[in-house]
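Below you'll find the structure, written out as structure tokens, and then a few comments.
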Amino acid sequence: DRRLASAIRVIVNSLVYGNAARFDPAPDGVERPGPYCFPPLASSVAAGCRLLLALFEHELELCGSGALYRDTDGAMFPADFGGGHGEA
């Protein structure tokens, strides 16, 4: 179910990255770290995601393809139904 998969993705994303990067507004206008705030973990998760995307794109280039679209946590690449690489 795509709806369930999307919901789980959002929840896991917030647990892994969001809580570790959470800062809450205080009444005096200054932001204070949230209860589970740990910036080194948040930056490590973001760096790990970027590393995996770079490795994925490198493997695509070795196969003679490339990413059509890349975002912070995903990428799309061309392929044909026969399992080969699409013609450009």
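Helix 39-62 and the longest principal axis of the C-alpha atoms of the chain enclose an angle of approximately 10°. Using a probe of 1.4 angstrom and keeping all protein chains present, the accessible surface of the chain works out to 81 square angstrom per residue.
Compute the signed sum of charges (Lys and Arg +1, Asp and Glu -1) over the other residues within less than 13 Å, Cβ to Cβ, of residue 25.
-1
Using Cα atoms only, what is the angle between the long axis of helix 2-13 and the major principal axis of the chain, expressed in degrees (0 to 90) to the nearest 10? For helix 2-13, the angle is close to 50 degrees. With the whole protein complex present, residue 52 retains an accessible surface near 120 Å², based on a 1.4 Å probe.
Could you tell me which of 16, 52, 67 has its Cα farthest along the dipole of the chain towards the positive end, charges placed at Cβ (Lys, Arg +1; Asp, Glu -1), taken about the Cα centre? Of the candidates, 16 comes out farthest on the positive side.
Here the dipole of the chain is about 340 debye; that uses its Cα centre as origin and unit charges on the Cβ of Lys and Arg (positive) and Asp and Glu (negative). Specify the longest stretch of the chain that does not include any exposed loop site, a site being one of the chymotrypsin sites (Phe, Trp or Tyr not before Pro) with a non-H, G, I, E, B DSSP assignment and at most 14 other Cβ atoms within 10 Å. That would be 37-80.
The values are calculated or read from the model by the stated rules, or taken from the named source; none is laboratory data. Every value quoted in this text rests on a predicted model; they were computed, and no experiment measured them. Quick reminder, even Gly has a Cβ in these numbers, built from the backbone with ideal geometry, and neighbours come from all protein chains shown. Surface accessibility is based on the protein's heavy atoms, side chains included, excluding ligands, DNA and RNA. Shrake-Rupley method; radii C 1.70, N 1.55, O 1.52, S 1.80 Å.
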